[in-house]
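Colleague: Questions regarding the structure given below will be posed in turn.
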Amino acid sequence: MDCATESEGMHYEGNCIRPPPEASSILLQVTLGCSHNKCTFCGTYRDKPFRKKDNDIILSDILFAARYMKRQDRVFLMDGDALIIPQKRLMWVLDRIKEHLPWVKRVAAYANVKSIRMKSRQELAELQKNGLGTLYLGVETGDDEIRKKINKGSSAQECLEMGKKVKHAGMELTVTVLLGIAGKERSMDHAHSTGELISAIDPNYVSALTLILIPGTPLWKEYERGDFKLPDEQGLLIEMKEMIVYTNLSNGLFSSNHASNYLPIRAWLPRGKQEALDLIDAALRGEIGLKPEWMRAF
Ligand code: SF4
């Protein structure tokens, strides 16, 4: 029996983020921080030790949403990788969403290679049947040397296997890739290997973000020492262009609409590939204005 009652407001703690497509979703915080929390470029949860939130707090938030969020038909489970919650508890959260928010059509969450690896194929399929329809997976790069350098905690091959596993469970998969993460020197290797990796995963959506260096992160320190050089705007456009050239999806959206990017692109691949490449070429020739630096955000 559920004992919790709805108390005033949602119990959000610390810095909360969600992917752009979840802007209108009910944001339900079920974990704090990220269980990995070691990527050298990421400052999102540096000051937030990882913890799973108590069931009574989660239930209180669901009950609050049941009263005040009747027009929002999607739920996004925060923080960093809600999928890491043990199966039984996660099924319990999905059951409570179904019970108290029956108008919700889809639940989504961030995931990483580790949290997907910890779920069996059958468990992922169970979660999908119970409403967890979408996972967001941070691929960042397909280059193993860079993955190691940024402390991603997994290889490109493992990332491919886990991406496939999510798709096999019938979930929608969005992957994020990070322009600029290889620095100036390895920019083209990163573009090519990342295009190849996302082609092999064949997700429903690819979201390209552009690296913004966050003070205090290990990558920021590398940059300050002169060991990391970010490509300039032109270099980043060329990197995105090369990545798209190497990306072959059966039917997926490649988007660079995130606030961190200089040039927003929405291309359904394969049919929209040439149009996207032409747009980037036009931007490289200076015929299309780029987002000013002050408008960018990570
Ligand atoms: S897995 Fe994601 S949230 Fe966690 S440290 Fe890496 S980039 Fe940040």
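The values are calculated or read from the model by the stated rules, or taken from the named source; none is laboratory data. All values reported here derive from a predicted model rather than from experimental measurement. Please note: Cβ atoms are built from the backbone with ideal geometry, for glycine as well, and neighbour counts cover all protein chains shown. When the accessible area is computed, the model is the full protein with side chains, heavy atoms only, and any ligands, DNA or RNA have been set aside. Shrake-Rupley method; radii C 1.70, N 1.55, O 1.52, S 1.80 Å.
Colleague: Can you tell me how many residues in region 132-153 are assigned to a strand (DSSP E or B) and within 12 Å of the ligand (Cβ to nearest atom)? Outline the logic, then answer.
Modeller: From region 132-153, those assigned to a strand (DSSP E or B) are 132-140; that's our starting set.
Filter again for within 12 Å of the ligand (Cβ to nearest atom), leaving 136-140.
Adding up the residues that qualify gives 5.
Colleague: Could you identify the single residue in G163, G183 that is without any contact (Cβ under 8 Å) to a residue 60 or more places away in the chain, under 16 Å from F41 (Cβ atoms) and buried (at least 17 other Cβ atoms within 10 Å of the Cβ)? Before the answer, list the steps.
Modeller: On the way: G163 fails: under 16 Å from F41 (Cβ atoms).
Going through G163, G183 in turn, the sole match is G183.
Colleague: Please pick out the residue among K88, K114, K105, K129 that is within 14 Å of the ligand (Cβ to nearest atom) and open to solvent by 60 Å² or more (accessible area, probe 1.4 Å).
Modeller: Numbers: K88 fails: within 14 Å of the ligand (Cβ to nearest atom); K105 fails: within 14 Å of the ligand (Cβ to nearest atom); K129 fails: within 14 Å of the ligand (Cβ to nearest atom).
After ruling out the rest, the residue left standing is K114.
Colleague: Now for a different question. Working only within region 246-285, note down all residues that are open to solvent by 60 Å² or more (accessible area, probe 1.4 Å) and in contact with a Lys or Arg (Cβ under 8 Å, 6 or more places away or on another chain). Even if it seems obvious, please write down each step before you answer.
Modeller: Initially, region 246-285 is screened for residues open to solvent by 60 Å² or more (accessible area, probe 1.4 Å), giving 246, 248, 250-251, 257, 264, 266, 268, 270-271, 274-275, 278-279, 285.
Answer for region 246-285, where residues must be open to solvent by 60 Å² or more (accessible area, probe 1.4 Å) and in contact with a Lys or Arg (Cβ under 8 Å, 6 or more places away or on another chain): N257, P264.
Colleague: State the number of residues belonging to region 155-165 that are within 16 Å of the ligand (Cβ to nearest atom) and more than 30 Å from Q234 (Cα to Cα). Can you show your working first?
Modeller: In the first step, residues of region 155-165 are kept if they are within 16 Å of the ligand (Cβ to nearest atom); the result is 155-156, 158-159, 162-163.
From what is left, the residues that are more than 30 Å from Q234 (Cα to Cα) are 158, 162-163.
Counting residues in region 155-165 that are within 16 Å of the ligand (Cβ to nearest atom) and more than 30 Å from Q234 (Cα to Cα) gives 3.
Colleague: Is there a residue in region 50-59 that is closer than 17 Å to N112 by Cβ and assigned to a loop (DSSP other than H, G, I, E, B)?
Modeller: Yes, some residue in region 50-59 is closer than 17 Å to N112 by Cβ and assigned to a loop (DSSP other than H, G, I, E, B).
Colleague: Does R46 fit the bill of being more than 11 Å from the ligand (Cβ to nearest atom) and either out of contact with any Gly (no Cβ under 8 Å at 6 or more places or on another chain) or not aliphatic (A, V, I, L, M) (or both)?
Modeller: In short, no.
Colleague: Could you tell me whether D202 is open to solvent by 40 Å² or more (accessible area, probe 1.4 Å) and at pLDDT 95 or above? Don't jump to the end; show me each part of the working.
Modeller: Numbers: open to solvent by 40 Å² or more (accessible area, probe 1.4 Å): no; at pLDDT 95 or above: yes.
No: the conditions fail for D202.
Colleague: So which residues in region 60-85 are within 16 Å of the ligand (Cβ to nearest atom), open to solvent by 10 Å² or more (accessible area, probe 1.4 Å) and part of a helix (DSSP H, G or I), if there are any at all?
Modeller: Narrowing region 60-85 to residues within 16 Å of the ligand (Cβ to nearest atom): 76-85.
If we keep only those that are open to solvent by 10 Å² or more (accessible area, probe 1.4 Å) as well, we get 80, 84.
Selection gives I84 alone.
Colleague: I need a count of the residues in region 166-180 that are more than 16 Å from the ligand (Cβ to nearest atom) and open to solvent by 20 Å² or more (accessible area, probe 1.4 Å).
Modeller: Filtering region 166-180 for residues more than 16 Å from the ligand (Cβ to nearest atom) gives 167-172.
Checking the rest, the ones that are also open to solvent by 20 Å² or more (accessible area, probe 1.4 Å) come to 167-168, 170, 172.
Residues that pass the stated criteria total 4.
Colleague: Residue by residue through region 20-42, note down the ones that are open to solvent by 10 Å² or more (accessible area, probe 1.4 Å), part of a loop (DSSP other than H, G, I, E, B) and either away from the ligand (no atom under 12 Å from the Cβ) or not hydroxyl-bearing (S, T, Y) (or both).
Modeller: If the condition is that a residue be open to solvent by 10 Å² or more (accessible area, probe 1.4 Å), part of a loop (DSSP other than H, G, I, E, B) and either away from the ligand (no atom under 12 Å from the Cβ) or not hydroxyl-bearing (S, T, Y) (or both), then A23, S24, C34, H36, N37, K38, C39, F41, C42 are the ones that fit.
Colleague: Inside region 10-19, can you point out the residues that are aliphatic (A, V, I, L, M) and either within 15 Å of the ligand (Cβ to nearest atom) or free of Cβ contacts under 8 Å to residues at least 40 places away in the same chain (or both)?
Modeller: Within region 10-19, I17 is the sole residue that qualifies.
Colleague: Going residue by residue through region 281-296, is there one that turns out to be of a type in the set (V, I, T) and touching a residue at least 40 places away in the same chain (Cβ under 8 Å)? Spell out how you get there, then give the answer.
Modeller: Just the residues of region 281-296 that are of a type in the set (V, I, T), to begin with: 288.
Those still in the list that are touching a residue at least 40 places away in the same chain (Cβ under 8 Å) too: none.
Looking for residues that are of a type in the set (V, I, T) and touching a residue at least 40 places away in the same chain (Cβ under 8 Å), one finds none in region 281-296, hence no.
Colleague: Only one of these is within 20 Å of the chain's Cα centre (by Cα) and not β-branched (V, I, T): P21, P102. Name it. Can you show your working first?
Modeller: On the way: P102 fails: within 20 Å of the chain's Cα centre (by Cα).
After ruling out the rest, the residue left standing is P21.
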